[in-house]
Amino acid sequence: ANSFFFVAMPSLAGAVCYTFWMNSIWGPSLSMFDVEYNIVYASLLSILFGLCVMLTGYFSKNKYSVMAGLRAAILMLNLEIFLGIVFLNVCFLVESFSFAAFAVYQEIFWLIFLFFFLLSNILLVFLLEVNRTPFDLAEA
């Protein structure tokens, strides 16, 4: 196994997660840096995280780890596609790709009430992502 990359890929994945939280906002003007296309940036970071998970399995040089890494990357890609479509609906409503515009728009009307029926699908995706009770049959 290539020990440097086997250790470096999870470290890079952790750095990607911390970078994602730097992108999020903590209030209408309390972001660490304000980028107009925050949603696109967050999507790219999410794809990079999936790539880090897949490469961690590859650099272990174990065929079962490679298959598990590919399985995790495909699952993350499927979930990212669904959540990307949800975010596109919200972006069309708010007419911006910025998290700050989302916060300003929610001063007028909360988006959770507007997308109430879509909220059940989002909760199902979150349960899929963390492999909780109805979706943990593969590990049972």
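Ordering of 115-121, 3-9, 44-50 by packing is 44-50, 3-9, 115-121, highest average first (other Cβ atoms within 10 Å, averaged per residue). For the pair residue 2 and residue 40, label points projected 7 Å from Cα toward Cβ lie 3.1 nm apart.
In this view, the solvent-accessible surface of residue 107, computed with a 1.4 Å probe and all protein chains in place, comes to about 130 Å². The radius of gyration of the Cα set in the range 39-100, together with its Dmax, comes out at 14.7, 46 angstrom.
The values are calculated or read from the model by the stated rules, or taken from the named source; none is laboratory data. It should be emphasised that the depicted structure is a prediction, and the values quoted were computed from it without experimental measurement. As a convention, Cβ positions derive from the backbone with ideal geometry for all residues, glycine included, and neighbour counts pool all protein chains shown. Side chains included, ligands, DNA and RNA excluded: accessible areas come from the protein's heavy atoms. Shrake-Rupley method; radii C 1.70, N 1.55, O 1.52, S 1.80 Å.
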